[in-house]
Every structure is written in structure tokens, then in C-alpha cells.
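Please treat every number below as a calculation from the coordinates, not as lab data. All figures in this text were calculated on a predicted structure; none of them were measured in a lab. Every residue, glycine among them, receives a Cβ derived from its backbone with ideal geometry; neighbour counts consider all protein chains shown.
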Amino acid sequence: MPALREFAPQMIFISAGFDAHRDDDMASLGFVEADYAWVTGRIKDAAADSANGRIVSSLEGGYDLAALARSAEAHIRQLGGF
């Protein structure tokens, strides 16, 4: 995050991959929905500081459909401030 803040982008693009979820067999990071919400919140804070809140998020991965749905919902709720 310090490097992102130092760079001070005018817009932040997120390649939103959810295959690090503990229920997804593609990775072994063990993330849960709250982790994705937390990361999204930190990115949102950085965007507020330098990018006037501008964020583009694009879905790129997640192979366990139930975990993908829950994680994407957590991400979108955080982006929307819900």
C-alpha cells in the first residue's frame, strides 16, 4: 500500500480474481469473503486519496461458484459502501 500511495494513480484498475478463496482448489492462500472485503477497502481508501475514488473492477477468476458468488458480493458491497 505504501508504494501504491506513493505512485498516486489517477484511476485504479482491479483484476478481481477470487480463486484464492479457501474453497477454491486453484490456490492455497485460504482467503475468505472478509479478506476480499478488507483488501477492497484498502484499495478504495487509496483511490479516495489520489484517484478521486475512481476504480474499475473486472472479474477475472474464481472456480468454486459458491465461493466466487460470496466473494464477489463482499467485494461489490465494499466498493458500494454497503
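Things to note:
- The residues neighbouring A69, those whose beta-carbon lies less than 14 Å from its own, together hold a net charge of -4 under the Lys/Arg +1, Asp/Glu -1 convention.
- Per-peptide average of other Cβ atoms within 10 Å, ordering 2-15, 64-77, 23-36 highest first: 64-77, 23-36, 2-15
- Total formal charge among the other residues, if their Cβ is under 13 angstrom from that of D23, Lys/Arg +1 and Asp/Glu -1: -4
- Among S58, A27, A47 - extreme Cα towards positive end, dipole of segment 1-59, charges at beta-carbon: A47
- Neighbourhood net charge (11 Å Cβ-Cβ; Lys/Arg +1, Asp/Glu -1) for G41: +1
- Each of M1 and L29 was given a label point 7 Å from its Cα along the Cα-to-Cβ line. The distance between the two points is 1.6 nm.
- With the Kirkwood sum run over all distinct C-alpha pairs, the chain has a hydrodynamic radius of 13.0 Å.
- The angle between the Cα long axis of helix 65-80 and the longest principal axis of the Cα atoms of the chain comes to about 20 degrees, rounded to the nearest 10.
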